[in-house]
Amino acid sequence: MKKFKLSFVTASVYALLLLMVGSWVSIFVVEKASLSLLFTEKNLFYASKFFKGLLGIDEESPAFLNAGNWKNALDLTIETLVMSVMATGFATIAALLTVVPAARNVADGSLTLAKKWHGWLSFGVVRGGYIFSRAVPELVWAMIIIFIFKPGILPGAIALALHNFGILGKLFAEVIEDLDSRPIRNLSSSGAGRFQLFLYGVLPAALPRFLTYILYRWEVIMRTTIVVGFVGAGGLGQQFKLSMSFFHYTDITLLLFFYLLLVFAADYISEKARIFIK
């Protein structure tokens, strides 16, 4: 009789299906939720009122008809762009400075042909820092940083960088672990030091993938700036929260327009840069 062997991939698919079914059963049977309650007459009335406010219907002076509001939104857009670039730069520099000891093939000496007694200790400390850094959400980092410092785009950039430092560091380390070790071993056997190995062996081979990850995280950071702005990090997010609080719906429309332009621009720049890298 042939034994039935369940592969890891197949078991994962079955587990995912079970989780999906269990989630819907929990929502509709245990919690007794109903989608029809979302479309009550009262909810539809408030939704209609909100969208009419965004379009400036029945409003005497919509924000998008005022030149001063356009200038203010443009200034906030530039602040948001600066915050995202600063955050990406901080996170990238910190990740590059710590990535070498975070790679397993460096810790065990298989890449550099030089096994150090502190290799696994450094690996554990740096990887632990990566986990802690990315485990704390950007919003929580922003609340902590802004509590220590005053509100502004610099604390917002630091908060975003702290979260993305752990993500970029882990991705960079995995790139180094997947590298062809032969050129780097040749450099090591020729007497190259650790810094020279990174500069002349690791970096040229890993740089295209490094840049791809950096550009991707920049896109994500651009989208997240509006979230950290809710707690006083400046930019479009902070003004968005104020406009929501005072029910200035046409201001929200103007801010969303500039925010979408910013995201589309970041996406376009990243796409063109990836083509150039390839």
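The values are calculated or read from the model by the stated rules, or taken from the named source; none is laboratory data. Every value quoted in this text rests on a predicted model; they were computed, and no experiment measured them. Here the Cβ is made from the backbone with ideal geometry for all residues, glycine too, and neighbour counts use every protein chain on show. Side chains are part of the model used for accessible areas, which takes the heavy atoms of the whole protein and leaves out ligands, DNA and RNA. Shrake-Rupley method; radii C 1.70, N 1.55, O 1.52, S 1.80 Å.
Values for this structure:
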item	result
Answer from Glu79, Glu31 - the residue that is acidic (Asp, Glu) and modelled with pLDDT under 90	Glu31
Considering residues of segment 42-60 that are part of a loop (DSSP other than H, G, I, E, B) and in contact with a Ser or Thr (Cβ under 8 Å, 6 or more places away or on another chain) only, the residue surrounded by the fewest Cβ atoms within 10 Å (Cβ to Cβ)	Glu59
Residue within segment 156-169 that is open to solvent by 30 Å² or more (accessible area, probe 1.4 Å), aromatic (Phe, Trp, Tyr) and in contact with a Leu (Cβ under 9 Å, 6 or more places away or on another chain) present	no
Filter result (of a type in the set (A, V, I, L, M, F, W, C) and modelled with pLDDT under 80) within segment 5-27	Leu6, Phe8, Val9
Residues located in segment 222-268, provided they are open to solvent by less than 20 Å² (accessible area, probe 1.4 Å) and without any contact (Cβ under 8 Å) to a residue 24 or more places away in the chain	Ser243
Yes/no for Ala95 being at pLDDT 90 or above, surrounded by 18 or more Cβ atoms within 10 Å (Cβ to Cβ) and closer than 25 Å to Glu138 by Cβ	yes
Positions within segment 165-200 being modelled with pLDDT of 80 or more and of a type in the set (Val, Ile, Thr), in sequence order	Ile167, Val175, Ile176
Residue satisfying all of: in segment 210-221; in contact (Cβ under 8 Å) with a residue 60 or more places away in the chain and surrounded by fewer than 19 Cβ atoms within 10 Å (Cβ to Cβ); nearest to Leu260 (Cα to Cα) among these	Thr212
Leu96 vs. criteria in contact (Cβ under 8 Å) with a residue 60 or more places away in the chain, within 30 Å of Leu187 (Cα to Cα) and assigned to a helix (DSSP H, G or I)	yes
Test: residue in segment 114-128 that is touching a His at 6+ places or on another chain (Cβ under 9 Å), open to solvent by less than 90 Å² (accessible area, probe 1.4 Å) and either at pLDDT below 95 or under 22 Å from Ala173 (Cα atoms) (or both)	no
Boolean, Ile176 is more than 16 Å from Thr80 (Cβ to Cβ), surrounded by 18 or more Cβ atoms within 10 Å (Cβ to Cβ) and of a type in the set (Val, Ile, Thr)	yes
Residue count, segment 178-209 (criterion: touching a residue at least 60 places away in the same chain (Cβ under 8 Å) and not aliphatic (A, V, I, L, M))	7
